[in-house]
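I have placed the structure first, in the form of structure tokens, so that the comments after it can refer back to it.
The values are calculated or read from the model by the stated rules, or taken from the named source; none is laboratory data. Note that the structure is predicted; figures quoted are calculated from it, not measured. Cβ coordinates were reconstructed from backbone atoms using ideal geometry, including for glycine residues, and neighbour counts include every protein chain displayed. Accessible surface areas use protein heavy atoms only, side chains included; no ligands, DNA or RNA. Shrake-Rupley method; radii C 1.70, N 1.55, O 1.52, S 1.80 Å.
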Amino acid sequence: MINQLYKLCAPCLFGLESVLSGELKRLGFEGISVTDGRVEFTADAEGIARANLNLRTAERVLIVLDSFRAVTFQQLIDGAEKVPFEEYIGKKDAFPVKGWSLNSQLHSVPDCQSIIKKAAVKRLSRKYGVAWLEESGPTVQIQFSINKDIATIMLDTSGIALHKRGYRPAHVAAPLRETLAAALVDIAGYRGRGDFCDPFCGSGTIAIEAALAAKGRAPGLSRDFAAMQWAWLPAGVWPQAREEARAREFHGEYHIFASDIDPRAVAMARDNARRAGVDDCITFAVADAREFDRTTDRGVIVTNPPYGERLMEKREAEALYTAFGAAYAKTEHWRLYLLSSHTEFERAFGRPADKKRKLYNGTLRCDLFQYTKDV
């Protein structure tokens, strides 16, 4: 099945679809189409491995088995029973089912899970000539979505979500998801040239993702994926994809700076960078962003300062934005990309953004405030 082309789906955080689409194009994938919260594309078995290893802004890589309209449970039953589960799920494989429904007649997720599970059991029992499936082997996760009455049934090749790179076992409160941090770096246009700075670095995620992108290091290089255990997928595609990823790495001198006022956060960020293998690319420091001052006259700042969710914290956040805005105004040609959910950010910062982009940090709606003109 190595030469067979599969329809794949890569879910992403809302607002990152165009960034992910750009990634897929740069990696040479074809058949790319964009919808809300996901990008679909085509690839062979080797491409499944390559996508899992290399995608920075996707949450998972899913194989799309079938899509069909279902406004009644009977239509879901009929559609699910036509899905060729037996081509992908072995006699002893475990095949749990999970999914979601949005803007659809079929809104009971547990009922939909049960129907799809029964359909899979029916086909697999018939295929293997058994009345009971022990499910003691590798896990082949069945995933479904029902959006605007269109049911899509998929298999999850990733297992653990792709944003869990493995370098951040510890984190400060309200951490930024790695995939979102990578997207901010991409939107800012940082490719390893010039100065890069995060003055509110927290656990170091943005700086680490910037270093990974600068080096061209595949974010999934040090982790495993669910599909590595699947019998029908050639085992050789994974070491081949890793070898190709290593061959694409760059080796240069990078000027990436990360600082935070909290010494514990800086120590944690430094440890995370070491685990990611990029500690040699980042200069860490304990520093107050309100006194931001760079020795060079230009560069890019990508950062995610405290939002201030409670009333007192909100006022403290506004005061922080005001002080940072005053410090930023003194810089020469530094571009700024700042993520915040604070509705009064621009007023507190002291000037309107040149451009704003709506993004989501998990389920929290945020804006990416972009200051791209000379101050």
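Values as computed for the structure displayed
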| item | result |
| --- | --- |
| Dipole magnitude of the chain about its Cα centre (Cβ charges: Lys, Arg +1; Asp, Glu -1), debye to nearest 20 | 460 |
| Share of carbon and sulfur in the accessible heavy-atom surface of the chain [1.4 Å probe, %] | 50 |
| Listed residues 218, 320, 303: farthest to the positive end of the dipole of the chain (Cβ charges) | 218 |
| Under-5 Å amide H pairs with residue 162, H placed in peptide plane, nonlocal only | 60 |
| Among 37, 58, 108 - extreme Cα towards positive end, dipole of the range 1-141, charges at beta-carbon | 108 |
| Given charges at beta-carbon only (K, R positive; D, E negative), |dipole| of the range 33-78 in Debye | 180 |
| Loop-resident sites, the range 132-213, for GluC sites (Glu not before Pro), counting at most 13 other Cβ within 10 Å (DSSP) | 134 |
| Other-chain or far-sequence residues with amide H under 5 Å of residue 141's (modelled H) | 156 |
| Gaussian network model of the chain, springs between alpha carbon atoms under 10 Å - residue of 121, 140, 64 with greatest fluctuation | 121 |
| Which listed pairs, of 25/98; 98/122; 25/358, have C-alpha distances above 27 Å, in listed order | 25/98 |
| Whole-Hz couplings from phi, Karplus 6.51/-1.76/1.60, listed for the range 40-45; x for Gly and Pro | 9, 7, 10, 6, 8, 4 |
| Per-peptide average of other Cβ atoms within 10 Å, ordering 357-367, 194-204 highest first | 194-204, 357-367 |
| Assigned charges on the beta-carbon of Lys, Arg, Asp, Glu; the range 189-315 dipole about Cα centre (debye) | 260 |
| FRET efficiency for residue 67 and residue 44, using Cβ-Cβ distance with R0 set to 30 Å, rounded to 0.05 | 0.90 |
| For the chain, with +1 on Lys and Arg beta carbons and -1 on Asp and Glu, the positive-most of 9, 76, 266 along the dipole | 76 |
